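The values are calculated or read from the model by the stated rules, or taken from the named source; none is laboratory data. All values derive from a computational prediction rather than experimental measurement. When the accessible area is computed, the model is the full protein with side chains, heavy atoms only, and any ligands, DNA or RNA have been set aside. Shrake-Rupley method; radii C 1.70, N 1.55, O 1.52, S 1.80 Å.
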Amino acid sequence: QVQLVESGGGLVQAGGSLRLSCAASGRTFSTVGMGWVRQAPGKERELVAGIDWSAGTTDYANSGKGRFTISRENAKNRVYLQMNSLKPVDTAVHYCAAVTSGLYYYRASYNYWGPGTQVTVSS
(Lines give C-alpha, C1' and ligand atoms only; values in the text may rest on other atoms or scores of the structure.)
Protein backbone atom coordinates (compact mmCIF):
# COMPACT_ATOMS: atom_id res chain seq x y z
CA GLN A 1 0.00 0.00 0.00
CA VAL A 2 1.07 3.55 -0.76
CA GLN A 3 -0.46 6.42 1.19
CA LEU A 4 -0.61 9.89 -0.33
CA VAL A 5 -1.47 13.22 1.26
CA GLU A 6 -1.75 16.47 -0.66
CA SER A 7 -1.35 20.02 0.57
CA GLY A 8 -1.13 23.49 -0.90
CA GLY A 9 -4.54 23.98 -2.47
CA GLY A 10 -6.60 27.09 -1.94
CA LEU A 11 -8.17 30.14 -3.50
CA VAL A 12 -6.19 32.28 -5.91
CA GLN A 13 -6.99 34.97 -8.43
CA ALA A 14 -6.63 34.38 -12.14
CA GLY A 15 -3.03 34.81 -13.18
CA GLY A 16 -1.75 33.73 -9.80
CA SER A 17 0.29 30.72 -8.75
CA LEU A 18 -0.02 27.78 -6.40
CA ARG A 19 2.33 24.99 -5.45
CA LEU A 20 0.84 21.66 -4.54
CA SER A 21 2.78 19.16 -2.49
CA CYS A 22 2.25 15.46 -1.99
CA ALA A 23 3.83 13.30 0.68
CA ALA A 24 4.03 9.57 -0.02
CA SER A 25 4.46 6.87 2.61
CA GLY A 26 4.17 3.12 2.89
CA ARG A 27 5.52 0.88 0.14
CA THR A 28 6.97 3.79 -1.81
CA PHE A 29 9.78 1.61 -3.17
CA SER A 30 7.19 0.04 -5.47
CA THR A 31 6.31 3.37 -7.06
CA VAL A 32 7.30 3.75 -10.70
CA GLY A 33 5.57 7.04 -11.33
CA MET A 34 3.54 9.78 -9.74
CA GLY A 35 1.18 12.34 -11.08
CA TRP A 36 -1.42 14.99 -10.47
CA VAL A 37 -4.96 14.33 -11.58
CA ARG A 38 -7.72 16.88 -11.36
CA GLN A 39 -11.48 16.67 -11.51
CA ALA A 40 -13.77 19.61 -12.05
CA PRO A 41 -17.48 19.37 -11.20
CA GLY A 42 -19.32 17.35 -13.81
CA LYS A 43 -16.14 16.45 -15.67
CA GLU A 44 -13.94 13.39 -15.94
CA ARG A 45 -10.62 13.14 -14.15
CA GLU A 46 -7.72 14.55 -16.13
CA LEU A 47 -4.07 13.61 -15.71
CA VAL A 48 -2.47 17.04 -15.85
CA ALA A 49 1.12 15.99 -15.14
CA GLY A 50 3.08 12.82 -14.51
CA ILE A 51 6.67 11.99 -13.65
CA ASP A 52 8.75 8.85 -13.86
CA TRP A 53 9.92 8.26 -10.31
CA SER A 54 13.32 6.90 -11.31
CA ALA A 55 14.26 8.77 -14.47
CA GLY A 56 12.46 12.02 -13.72
CA THR A 57 10.99 12.30 -17.18
CA THR A 58 7.73 14.19 -17.28
CA ASP A 59 4.56 14.43 -19.30
CA TYR A 60 1.86 17.09 -19.32
CA ALA A 61 -1.65 17.43 -20.59
CA ASN A 62 -2.09 20.19 -23.14
CA SER A 63 -4.05 22.13 -20.53
CA GLY A 64 -0.96 22.46 -18.36
CA LYS A 65 1.90 22.69 -20.82
CA GLY A 66 3.92 25.85 -20.35
CA ARG A 67 2.14 26.69 -17.09
CA PHE A 68 2.58 23.67 -14.81
CA THR A 69 5.76 21.97 -13.64
CA ILE A 70 5.89 18.64 -11.86
CA SER A 71 8.93 17.73 -9.81
CA ARG A 72 9.97 15.19 -7.20
CA GLU A 73 12.26 14.70 -4.26
CA ASN A 74 12.96 10.98 -4.12
CA ALA A 75 14.75 11.10 -0.78
CA LYS A 76 11.73 12.74 0.84
CA ASN A 77 9.13 10.78 -1.12
CA ARG A 78 7.53 14.00 -2.22
CA VAL A 79 6.13 15.26 -5.49
CA TYR A 80 5.16 18.80 -6.33
CA LEU A 81 3.09 20.65 -8.88
CA GLN A 82 3.95 24.27 -9.51
CA MET A 83 1.01 25.95 -11.23
CA ASN A 84 1.48 29.38 -12.77
CA SER A 85 -0.80 31.66 -14.78
CA LEU A 86 -3.82 29.97 -13.27
CA LYS A 87 -7.18 30.32 -14.97
CA PRO A 88 -10.74 29.84 -13.69
CA VAL A 89 -10.94 26.64 -15.78
CA ASP A 90 -8.22 25.19 -13.55
CA THR A 91 -10.69 25.12 -10.67
CA ALA A 92 -10.92 21.49 -9.58
CA VAL A 93 -10.08 18.99 -6.90
CA HIS A 94 -6.47 18.02 -7.48
CA TYR A 95 -5.39 14.52 -6.55
CA CYS A 96 -1.90 13.18 -6.07
CA ALA A 97 -1.64 9.69 -7.52
CA ALA A 98 0.93 6.92 -7.75
CA VAL A 99 1.45 4.08 -10.17
CA THR A 100 3.19 0.87 -9.18
CA SER A 101 2.78 -1.05 -12.40
CA GLY A 102 2.24 0.69 -15.68
CA LEU A 103 3.07 3.91 -17.46
CA TYR A 104 3.13 7.22 -15.61
CA TYR A 105 1.64 9.08 -18.56
CA TYR A 106 -1.55 6.99 -18.66
CA ARG A 107 -4.24 7.98 -16.17
CA ALA A 108 -5.60 4.44 -16.12
CA SER A 109 -2.25 3.21 -14.76
CA TYR A 110 -2.63 5.02 -11.45
CA ASN A 111 -3.69 2.78 -8.62
CA TYR A 112 -3.13 4.84 -5.48
CA TRP A 113 -4.79 8.16 -4.75
CA GLY A 114 -4.69 10.87 -2.14
CA PRO A 115 -7.87 12.43 -0.73
CA GLY A 116 -7.47 15.51 -2.94
CA THR A 117 -7.03 19.22 -2.40
CA GLN A 118 -9.31 21.93 -3.77
CA VAL A 119 -7.92 24.55 -6.11
CA THR A 120 -10.22 27.46 -6.84
CA VAL A 121 -9.28 30.20 -9.28
CA SER A 122 -11.40 33.33 -9.25
CA SER A 123 -11.79 35.62 -12.24
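Assorted remarks:
- Full extension of the chain between Gln82 and Lys43 gives 11.8 nm of extra length, using 0.36 nm per residue less the Cα-Cα distance.
- Percent carbon-and-sulfur accessible area, the chain, ignoring ligands, DNA and RNA, probe 1.4 Å: 47 percent
- Average accessible area per residue (Å²) across the chain - probe 1.4 Å, nucleic acids and ligands excluded: 50 Å²
- Across the chain, Cα pairs under 8 Å and at least six residues apart give a relative contact order of 36 percent.
- Rg and Dmax over the alpha-carbon atoms of the chain stand at 13.3, 41 Å.
- Of the residues Phe29, Phe68, the one with the largest accessible area comes first in the ranking Phe29, Phe68, computed with a 1.4 Å probe on protein heavy atoms.
- Solvent-accessible area of Ile51, all protein chains in place: 0 Å² (probe radius 1.4 Å, heavy atoms, ligands and nucleic acids excluded).
- Per-residue SASA entry for Thr69, accessible area with 1.4 Å probe, Å² rounded to 10: 70 Å²
- Ranked order, Arg45, Arg27, Arg38 - accessible area, probe 1.4 Å, largest first: Arg27, Arg45, Arg38
- For segment 65-121: relative contact order, % (alpha-carbon pairs under 8 angstrom, 6 or more apart): 31 percent
- Exposure check, 1.4 Å probe, all protein chains in place: Glu44 carries approximately 150 Å² of accessible surface.
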